[in-house]
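Here is the structure we will look at.
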Amino acid sequence: MEVVLGIDVGGTGLRGALAPASGEPVPFARASQAIGLRRGAGGIEGVVPAAAALAASLLAGRDVRVKAVALGCAGAADLGAELRISLPAALRAACGPATVVVASDMVTAFLGALAGSPGVTLSAGTGAVAFGGDLSGEWRRADGRGDLIGDLGGGAWLGRAGMTAALRASDGRRGGSPLLLRHLLAAYGDPAALIRELNARADRAAVLARFAPAVLEAARSGDRVAADIRAEACRHLADTALAARPTGLLSPVPLAVVGGLPDHHPDFRAALLGALDPGFAVRPAAGSPVEGALRLAASADRLPPGLSSWGVQVTA
C-alpha cells in the first residue's frame with residue numbers, strides 16, 4: 001500500500017498521521033510525541049531526531065511504501081536552516097526513498113483548515129499569524145514575527161500585557177490591575193521570580209503565554225484592565241486577518257479561525273469574531289495542521305502556483 005505521511009510540529013510536541021496516497025488523504029493511523037521545542041540561532045532545535053522517531057513509530061509493523069512526507073513547523077520559513085538541511089535525510093532514513101516537503105506551519109494550517117480551498121486562516125495560539133491564498137498564485141502572510149517584535153494578539157502577547165498590568169499595580173502606576181497582580185503573585189511568588197524565570201528560559205514565549213488564561217479569566221470576571229487587553233488583542237488579530245486577505249477573492253472570503261486561544265476560550269473567540277472585518281465568512285476548520293501536512297504530501301509533485309516561495313521546500 002502506498003501512503004503519505006504528515007507531521008505537525010507545535011510548541012509542545014509533534015503529531016503525525018498516515019493516509020493513502022491516492023484520493024482524499026484521510027488518516028488511518030496517528031501518533032504523537034511530547035517534546036519541548038526551542039528556537040536557536042540555526043532554527044528550531046530538536047525537530048529532526050524527533051520527527052524521524054515519530055515517522056519510524058508510525059511505520060513500525062506496517063506493510064506500506066511512503067510516497068511523500070510533509071512536515072509543517074513553526075518558524076520554518078524564517079529560522080528553518082536545520083530543517084532544510086538535515087530533515088530530508090533523516091526522514092528518508094526512517095521512511096525510505098520518499099519525497100520530503102518542509103513547510104511553515106502557517107501553510108499546513110491553511111491547507112488543513114480550508115481543506116485545500118481558497119481563503120484565509122487566522123492562527124492564534126502562543127503566537128499569531130494569518131495566511132491567505134487564492135490557489136492561483138496570490139499568497140499573503142501577516143505577522144507570525146515572534147514574541148519579540150510580533151505575534152500581536154497571540155498568547156505570548158496577552159500574557160506579556162497582563163504581566164505588565166500586574167506590575168503596574170505592584171508599583172502603584174496608572175493602568176494597573178490588582179486582580180492580575182494577585183494572579184501573578186499566585187503563579188510566581190513575587191515579580192523578581194518572574195524576571196528570573198523569563199531571563200533563564202529559552203522558551204520565553206511559552207512562559208509568557210502561560211499567563212494568558214489568567215488575563216482572560218480576569219476579563220470574564222469584569223476586570224476593566226483585563227477586558228481592555230482582550231479587546232486590544234482581538235483588534236490586533238482582526239487586523240492581521242484582514243492584511244492576509246487575497247485581493248483577488250470576492251467577499252465574503254472564507255476564514256478559518258484556529259489555535260488554542262479561540263479553541264479553548266469561547267469568550268475570546270466571540271470577542272474576536274465580533275472584531276473581524278464583515279467581508280469575511282467564518283467557517284469551522286475542516287481539518288487540523290496534520291491533515292494539512294497530509295494534503296501537502298499528497299500534492300508534493302503539483303504544488304499550487306507560488307506556494308514554493310513561502311518557505312516550502314520539496315526534496316524529491
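Only the coordinates and a few stated rules stand behind these numbers; no lab work does. Just so it is clear, the model here is predicted, and its values are computed rather than measured.
Taken over the range 231-285, the convex hull of the Cα atoms encloses 72 Å³ per residue. Separation of the range 93-161 from the range 180-246 is 21 Å, based on Cα centroids. Once a ≥ b ≥ c are taken as the square roots of the eigenvalues of the Cα gyration tensor of the range 155-231, is the result rounded (a/c under 1.5), prolate (a/b larger than b/c) or oblate (a/b not larger than b/c)? Oblate is the answer for the range 155-231, as a/c is 1.5 or above yet b/c matches or exceeds a/b.
Taking the DSSP beta bridges with both ends in the chain, the antiparallel portion is around 60 percent.
Shown for the chain are the DSSP H helices of 20 Å or more along their axis, judged by Cα atoms, with a mean Kyte-Doolittle hydropathy of at least -1.0: 81-95, 155-171, 224-243. One entry in [x] 32, 22, 18; [y] 24, 22, 22; [z] 36, 23, 15 is semi-axes √(5λ) of the Cα gyration tensor in Å calculated from the shown coordinates; its label is [z]. Once you sort the root eigenvalues of the Cα gyration tensor of the range 142-287 as a ≥ b ≥ c, which label holds: rounded (a/c under 1.5), prolate (a/b larger than b/c) or oblate (the other case)? Here the range 142-287 falls in the prolate category. The helix-only estimate of mean residue ellipticity at 222 nm for the chain, built from DSSP H runs of length n ≥ 4 each weighted as -39500 (n - 2.57), is -13000 deg cm²/dmol after division by the residue total.
Compared with the direct C-alpha span, the chain from Arg173 to Leu185 gains 2.6 nm at full extension, assuming 0.36 nm per residue.
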